[in-house]
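Colleague: Quick one: the structure is below, and I'll ask about it shortly.
The values are calculated or read from the model by the stated rules, or taken from the named source; none is laboratory data. What you see is a predicted model, and the numbers here were worked out from it, not measured in a lab. Quick reminder, even Gly has a Cβ in these numbers, built from the backbone with ideal geometry, and neighbours come from all protein chains shown. Calculation scope for accessible area: heavy atoms of the full protein, side chains included, ligands and nucleic acids excluded. Shrake-Rupley method; radii C 1.70, N 1.55, O 1.52, S 1.80 Å.
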Protein chains: 2
Amino acid sequence: MTQSYDVVDLIRTKRDGGTLSSAQISWLIGAYTEGTVADEQMSALAMAILLRGMSRAETAQWTTAMINSGERMDFSALTRSDGRRRLTADKHSTGGVGDKITLPLAPLVASFCVPVPQLSGRGLGHTGGTLDKLESIPGWRAALSNQEILHQLDTVGAVICAAGSGLAPADKKLYALRDVTGTVESIPLIASSIMSKKIAEGTDALVLDVKVGTGAFMRTDDDAAELARTMVALGTDAGVRTTALLTEMNTPLGLTSGNAVEVEESMEVLAGGGPADVVELTVELAREMLAGVGITDVDPVENLRNGKAMDTWRAMIAAQGGDPDAPLPKPQHEHTITAEDSGTLARLDAYGVGIAAWRLGAGRARKEDPVQAAAGVRLHAKPGDTVTAGQPLITLCTDDQSRLPRAQEALSGAVEVIDGAVVENAGLIKARVAAEDL
Amino acid sequence: MTQSYDVVDLIRTKRDGGTLSSAQISWLIGAYTEGTVADEQMSALAMAILLRGMSRAETAQWTTAMINSGERMDFSALTRSDGRRRLTADKHSTGGVGDKITLPLAPLVASFCVPVPQLSGRGLGHTGGTLDKLESIPGWRAALSNQEILHQLDTVGAVICAAGSGLAPADKKLYALRDVTGTVESIPLIASSIMSKKIAEGTDALVLDVKVGTGAFMRTDDDAAELARTMVALGTDAGVRTTALLTEMNTPLGLTSGNAVEVEESMEVLAGGGPADVVELTVELAREMLAGVGITDVDPVENLRNGKAMDTWRAMIAAQGGDPDAPLPKPQHEHTITAEDSGTLARLDAYGVGIAAWRLGAGRARKEDPVQAAAGVRLHAKPGDTVTAGQPLITLCTDDQSRLPRAQEALSGAVEVIDGAVVENAGLIKARVAAEDL
């Protein structure tokens, strides 16, 4: 028999700076999931946690309790021809503008015979959703059964699909509550929300891409590093080989932000081309995932060049009903913004671009809203590039012309051209956090 | 047309240490009362307020908004024979053990021709409720209409009755929420809860008895002083002549704690006798109330001695259906605890005595529970008194013998007899706060 507690006592403990025990957290999450602890009690506790923090042990127990609220996936049936288990590798990004990395990354890693079960979400707000992007491919479907996922991992190696509702239902309920009560911005709660789902998905290795900058959820290096350390600790404590990269998100990744436009750019990368920053991040994250399952003697760049990653992409899209050769949707309206001055492009703000793409129809304001497959933004220059007055800088794409003015508004102040000075490039990958750094 | 706000923005503002505007607070309380702002949002905000505080201006606006959520009482119809308005005086105690002061105080002040509209509550937890005490008088009823209150103020001068549900309904809803979400202990929220009801009651002068000690809600002088200053500021800003006394509550007031036993002791005071501490506090609070309506040339002690206060008490009880001469209920069981050692009684802990009286049946755990009229505690000595081993110290009264063991348990450790040393008496009234002290 499990002990029960007075939830008001637990709220008071956290409110006054105390620590909750494992048994208390376990009871609390269970009672909240089944409705014994009311929403108004959980939101008061979430605010106390946001303002008082949680210890590493509390955060780990919170995560475990959320995992235990639902089912866990099991990939132990995946075996090699010699009968040994095939270890799986997964990646999670905290979200950024133009972040299509999952699209080339999953088939790239799978092309080295490492199964990649990439359970993803839809976009909400100014950062896009992986599933929304892939749905711009005619015929492609996001919903797979657990059996279908396992089969596709075994045959193709890579799956990008919707996470089932059976994983960490406590997190789903709590996230919806935090969203309406001003309690989203707590690092322990963000970390446990992400990691409960990733651990429940049953991956063996995990790389976290923690974005920092104007277009990211974390605006400062300190916050991003703390989130990264918290998540690496949670993964490590749960037996998942976890590392994190802190990556720059003041500028959009690549030259596109939207749905079909990002699929197109991802395919350029898989074909051995594509923007340098997208290639760099895809390759570095692939190295982390491969190392996580013990493969350190291969170069991911090779499989981008030799077509193996592209072959896996085509098989992955086809396995989920998509036509990898079908033309992608084109927007009904395009509008190009040109440079007002000549000089060096000093700044192209990720947040402004993300909001513009969102307002053009690439994203949604409420989770039931539809998105436009062809909506988004194409960039014609990146910070550091020399530009000439009158040259194209940004092309806005949408099916709905009335959306253009508010998208343009989002970009006012997002672009800065300076006179001749050299822009210092801070580098895309700012830091790496592994278990041994904790 | 009133502006509306995004409640999540308001929660975030307070969470991050910002200040809410008058318009924001006014909208918020209105939206919460009508249900547009949900309980889970208000509880998160209450936690943020508890941990971040509110400014004097925010607290004042919060109080005003709660007053505006309901009706206000109006005593301007009370006139003297020369046609001038009769100013009313009221008192509020933050609650203590053995605190029966309202019972002698209301008729004492009214005996000087000052109307006293004393709207009171029932007890919950270890501090008793004024209405519960008076209901031990056969026939007495707590529920009066506004018309009956006005008539009784005009004819008798003193009314002690239940506060109608029309006063500050936002406070009622918010208090019930705070009670289950660990957000009671916020000084601005406590102050605005008390003062919204008192200001809505429409009194001209108000004295606050802010208790501090083991048997009180405020355990430290600093917290009590802050609460007193906050409430005096709120009253003053609302045009109510408000003062506060900080009074000691480590030891129960008087020699009784319960229902009928406290009525009995109150009548001793009205008859010119009674314990010195109860008399002292009654007289000092009466002076504050009289001064609040401009009467400074009378001595309250006089009307206790000459029977005028007792006459008003009898009229007040009779006007509400009570028989002032009826014998009060006697308990079916009594159990006396005696002194184990001889010496000086150094400590008689208010909290232990309050819990004992509560467990004997004088109070309730849930608001729908009944109370026993005859349940309570009689004390035979007070700190500073010399006691002899074997002499009676405390008598427990109840109608239900099975309640005795847990009541005795509450008193273990509550009594301390020391060998001969003199106990320093800190004094009952610790400080006074008036508008000019802010």
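Colleague: Residue under question is residue A:28, and the condition is that it be under 24 Å from the mean Cα position of the chain (by Cα), within 14 Å of chain B (Cβ to nearest Cβ) and at negative phi; does it hold?
Modeller: Spelling it out, it is not the case that residue A:28 is under 24 Å from the mean Cα position of the chain (by Cα), within 14 Å of chain B (Cβ to nearest Cβ) and at negative phi.
Colleague: Looking only at the range B:166-205, count how many residues are closer than 13 Å to residue B:73 by Cβ and either more than 19 Å from the chain's Cα centre (by Cα) or outside any helix (DSSP H, G or I) (or both).
Modeller: Of the residues in the range B:166-205, 7 are closer than 13 Å to residue B:73 by Cβ and either more than 19 Å from the chain's Cα centre (by Cα) or outside any helix (DSSP H, G or I) (or both).
Colleague: Taking residue B:168 as the residue in question, decide whether it is within 23 Å of residue B:66 (Cα to Cα), open to solvent by 10 Å² or more (accessible area, probe 1.4 Å) and of a type in the set (A, V, I, L, M, F, W, C).
Modeller: The answer is no for residue B:168.
Colleague: Search the range A:142-165 for residues being outside any loop (DSSP other than H, G, I, E, B) and among the small types (Gly, Ala, Ser), and hand back the single one that is modelled with the highest pLDDT.
Modeller: Among them, the one singled out is A:158.
Colleague: For the range B:410-438, name all the residues that are within 20 Å of residue B:98 (Cβ to Cβ) and assigned to a helix (DSSP H, G or I).
Modeller: If the condition is that a residue be within 20 Å of residue B:98 (Cβ to Cβ) and assigned to a helix (DSSP H, G or I), then B:410, B:411 are the ones that fit.
Colleague: Sort out which residues of the range A:174-190 are surrounded by fewer than 18 Cβ atoms within 10 Å (Cβ to Cβ) and either in contact (Cβ under 8 Å) with a residue 12 or more places away in the chain or within 30 Å of residue A:112 (Cα to Cα) (or both), and write them in order of number.
Modeller: A:175, A:185
Colleague: Based on what the data block shows, is residue B:311 among the acidic types (Asp, Glu) and either in contact (Cβ under 8 Å) with a residue 60 or more places away in the chain or in contact with a strand residue (DSSP E or B) (Cβ under 9 Å, 6 or more places away or on another chain) (or both)?
Modeller: When the stated conditions are applied, residue B:311 passes them.
Colleague: Looking only at residues that are in a helix (DSSP H, G or I) and not small (Gly, Ala, Ser) in the range A:10-25, which one is farthest from the other protein chains (Cβ to nearest Cβ)?
Modeller: Looking at the filtered set, the residue picked out is A:25.
Colleague: Further, regarding this structure: Evaluate the following for residue A:4: is it within 29 Å of residue A:249 (Cβ to Cβ), in contact (Cβ under 8 Å) with a residue 24 or more places away in the chain, surrounded by fewer than 17 Cβ atoms within 10 Å (Cβ to Cβ) and away from chain B (no Cβ under 14 Å)?
Modeller: no
Colleague: Would you be able to tell me the number of residues in the range B:53-76 that are closer than 16 Å to residue B:117 by Cα and open to solvent by less than 70 Å² (accessible area, probe 1.4 Å)?
Modeller: 3
Colleague: Here is a check on your reading of the model: is residue A:311 assigned to a helix (DSSP H, G or I) and assigned by TED's automatic domain parsing to the domain that holds residue A:95?
Modeller: When the stated conditions are applied, residue A:311 passes them.
Colleague: Could you pull out the residue among B:244, B:291, B:224 that is part of a helix (DSSP H, G or I) and over 26 Å from residue B:415 (Cα atoms)?
Modeller: Working: B:244 fails: part of a helix (DSSP H, G or I); B:224 fails: over 26 Å from residue B:415 (Cα atoms).
Only one candidate passes the filter, namely B:291.
Colleague: Filter the range A:43-92 down to the residues that are of a type in the set (A, V, I, L, M), touching a Leu at 6+ places or on another chain (Cβ under 8 Å) and either assigned to a strand (DSSP E or B) or within 14 Å of chain B (Cβ to nearest Cβ) (or both) and list them by number.
Modeller: Hits for the range A:43-92 are A:45, A:46, A:47, A:48, A:49, A:50, A:51, A:89.
Colleague: Within the range A:410-438, can you find the residues that are of a type in the set (S, T, N, Q) and at pLDDT 90 or above? Give the steps one after another, and end with the answer.
Modeller: Initially, the range A:410-438 is screened for residues of a type in the set (S, T, N, Q), giving A:412, A:425.
Matches in the range A:410-438: A:412 only.
Colleague: Please work out if residue A:38 is farther than 26 Å from residue B:185 by Cβ and either over 22 Å from the mean Cα position of the chain (by Cα) or among the charged types (D, E, K, R) (or both).
Modeller: No; evaluated as a whole, the condition is false for this residue.
Colleague: Since residue B:216 meets every condition but one in (1) free of Cβ contacts under 8 Å to residues at least 60 places away in the same chain; (2) in a loop (DSSP other than H, G, I, E, B); (3) in contact with a Ser or Thr (Cβ under 7 Å, 6 or more places away or on another chain), which condition does it not meet?
Modeller: (1)
Colleague: Restricting attention to the range A:360-400, report how many residues are among the charged types (D, E, K, R), open to solvent by 40 Å² or more (accessible area, probe 1.4 Å) and under 21 Å from residue A:259 (Cβ atoms).
Modeller: Within the range A:360-400, residues that are among the charged types (D, E, K, R), open to solvent by 40 Å² or more (accessible area, probe 1.4 Å) and under 21 Å from residue A:259 (Cβ atoms) number 6.
Colleague: Further, regarding this structure: Does the range A:292-310 hold any residues that are farther than 15 Å from residue A:103 by Cβ and open to solvent by 30 Å² or more (accessible area, probe 1.4 Å), and which are they?
Modeller: If the condition is that a residue be farther than 15 Å from residue A:103 by Cβ and open to solvent by 30 Å² or more (accessible area, probe 1.4 Å), then A:294, A:295, A:296, A:297, A:298, A:299, A:301, A:302, A:305, A:306, A:308 are the ones that fit.
Colleague: Of the residues A:334, A:302, A:265, A:340, which is touching a residue at least 40 places away in the same chain (Cβ under 8 Å) and in a helix (DSSP H, G or I)?
Modeller: A:265
Colleague: What do you reckon, is residue A:103 touching a helix residue (DSSP H, G or I) at 6+ places or on another chain (Cβ under 9 Å), at pLDDT 95 or above and either open to solvent by 10 Å² or more (accessible area, probe 1.4 Å) or within 14 Å of another protein chain (Cβ to nearest Cβ) (or both)?
Modeller: no
Colleague: If the requirement is being of a type in the set (Ser, Thr, Tyr), open to solvent by 10 Å² or more (accessible area, probe 1.4 Å) and over 15 Å from the mean Cα position of the chain (by Cα), which of these qualifies: A:230, A:242?
Modeller: Only one candidate passes the filter, namely A:230.
Colleague: Can you name the condition, by its number, that residue A:157 falls short on among (1) more than 25 Å from residue A:135 (Cα to Cα); (2) out of contact with any Leu (no Cβ under 9 Å at 6 or more places or on another chain)?
Modeller: Condition not satisfied by residue A:157: (1).
Colleague: Can you tell me which residue within the range B:117-165, out of those that are out of contact with any strand residue (DSSP E or B) (no Cβ under 9 Å at 6 or more places or on another chain) and of a type in the set (A, V, I, L, M, F, W, C), is surrounded by the fewest Cβ atoms within 10 Å (Cβ to Cβ)?
Modeller: B:124
Colleague: Return yes when residue B:286 is open to solvent by less than 10 Å² (accessible area, probe 1.4 Å), assigned to a helix (DSSP H, G or I), small (Gly, Ala, Ser) and touching a Pro at 6+ places or on another chain (Cβ under 7 Å) and no when it is not.
Modeller: yes
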